[in-house]
Amino acid sequence: MKIVVIGTGYVGLVSGTCFAEMGNSVTCVDIDSEKIENLKKGILPIFEPGLETMVKRNLKTQNLCFSTSIKNVLDNSDFAFIAVGTPMGEDGSADLKYVLEVAQTIGTNMNSPLTVVNKSTVPVGTADLVKQTIEKQLKKRKLDIAFSVASNPEFLKEGDAINDFMKPDRVVVGTDDELVSKKMKNLYAPFFRSTSDRFIAMDVRSAEMTKYVANAMLATKISFINEISNICELVGADVNKVRIGIGSDKRIGYSFIYPGSGYGGSCFPKDVKALTKTAEANGYTPKLIHAVEAVNNEQKLVIVHKIINRFGENLSGLEFAIWGLSFKPGTDDMREAPSIYIINELTKKGAKVRAYDPKAINEAKEFYLKDNKNVTYYDSKYSPLKNCDALVLLTEWKEFRAPDFNEIKKELNNAIIFDGRNQYNEEYLAELGFEYYQIGKKFTKN
Ligand code: UDX
């Protein structure tokens, strides 16, 4: 198949590369010429495990090309995937500016029948808007070309995106056109050879809704366990045990009930808000989804409250070593990362912060913590510890999971760890003489 993917952000780049890997002929288009020049040389704008190798391999076979212009690549293409950003608008709803700009460009440049597919996360009704925008351009050009607009939301997890795309749990396609459904099924068939029931076809609006509901459901699970973790502390229970207790029920399951410092990233915060906006725009006031967001906002600061309880309101003169800045392990992405809120709050209260992250230091320095002059950065995990008053773990990168605790104790002023992701064994740390503060289990001195 001949495929054009418009937008070489996270979703577009992963999707385009994986389609090319399956033997399709793919052109990824972006208006950012510097990005495209780099991609042509195999230099990626993001870090995603396995992606660079796959891009380079497919550049070599020429299954994958990059271009700044949509003009000549649309002709005779089977699919045009729209994978541009839908940032949060000022009122919290998804901003469709880029999606509709792309729709207009498609309408201005297409000369042969085409299936246009929305891969960007877009509110219900966007496929209709894309269709109208393209129709308007074709009318202007006095052309009558057959095209269809389908919805095909992505369910990629950062850090595991290649795996998610190559071996999907499901592929959801929304289309009102039987032929398009068949065409999409063929396109995805190589990705789920043995279980074709993973291809789920439905109407466009239900597919658009599915994406938001999946993310809102997962965010709800996280906020639920985080709220429970706060109650556990008050009643003297241990959320780590409660989690295992409830997860063993198959109907509940173990995944996405890890308590922590709240969810971040490019999807959950934005999509939960956008779903609320969609509901409100349609005359419904969501209660539960609002609460999911409110719990998450408060949860980010739970670890700060623990630090204040231990050291007092005024943190002047204290220094904290931070392990982990990215919103989750395996990525350099810091969008909505709890670390941003936590670090800014600590320094607002007078503390100094020394931070280490395996991948996200540049993001922090250049964007997310750029204006915070009380943060310094280190290039290995033990290097920031010397004479710090405590270690604060915020992202559960593998290299933090089994550290040398004797080394940590030797370096720190006090043997104190605040763990925002419940990574360590409390009894073991107590034996070593640590004060260990975690989420959802009150610290008590032996
Ligand atoms: C998510 C969805 O999982 C994916 O299907 C969708 O396409 C995009 O959004 P992603 O944002 O990459 O993917 O991250 P994910 O692994 O889902 O984690 C999101 C956040 O939730 C992270 O901040 C993580 O730390 C937090 N989390 C996750 C918890 O706090 N507890 C959990 O049990 C699971």
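The values are calculated or read from the model by the stated rules, or taken from the named source; none is laboratory data. Quantities reported herein were computed from a predicted structural model and do not represent experimental measurements. Don't worry about glycine lacking a Cβ; one is built from the backbone with ideal geometry, like all the others, and counts go over all protein chains shown.
What are the residues in segment 428-446 that are over 23 Å from Leu346 (Cβ atoms) and at pLDDT 95 or above, if any? Within segment 428-446, Tyr428, Ala430, Glu431, Leu432, Gly433 qualify. Taking segment 248-284 as the range and being of a type in the set (Val, Ile, Thr) and either in contact (Cβ under 8 Å) with a residue 40 or more places away in the chain or more than 9 Å from the ligand (Cβ to nearest atom) (or both) as the test, the residues that pass are Ile252, Val272, Thr276, Thr278. Val292 passes every criterion in (1) under 30 Å from Ala415 (Cα atoms); (2) within 14 Å of the ligand (Cβ to nearest atom) apart from (1). Entry remark, segment 229-274: residues being under 23 Å from the mean Cα position of the chain (by Cα) and of a type in the set (Lys, Arg) number 2 in total.
Thr53 fulfils the conditions (1) closer than 22 Å to Met110 by Cβ; (2) without any contact (Cβ under 8 Å) to a residue 12 or more places away in the chain except for a single criterion, (1). Against the numbered list (1) within 16 Å of the ligand (Cβ to nearest atom); (2) farther than 21 Å from Asp30 by Cβ; (3) of a type outside the set (Asp, Glu), Gln132 comes up short only at (1). If the condition is being within 23 Å of Lys183 (Cα to Cα) and assigned to a loop (DSSP other than H, G, I, E, B), then segment 73-100 contributes Val73, Leu74, Asp75, Asn76, Ser77, Asp78, Ala83, Val84. Of all residues in segment 136-157, those satisfying the criterion of being closer than 20 Å to Thr175 by Cα, surrounded by 13 or more Cβ atoms within 10 Å (Cβ to Cβ) and more than 16 Å from the ligand (Cβ to nearest atom) are Ile145, Phe147, Ser148, Val149, Ala150.
The set of residues from segment 264-312 being under 24 Å from Thr331 (Cα atoms) and hydroxyl-bearing (Ser, Thr, Tyr) comprises just one member, Ser266.
Of note, Lys142 does not satisfy the criterion of being at negative phi and assigned by TED's automatic domain parsing to the domain that holds Thr17.
Here Arg310 clears all of (1) under 26 Å from Pro87 (Cα atoms); (2) in contact (Cβ under 8 Å) with a residue 60 or more places away in the chain except the condition numbered (1).
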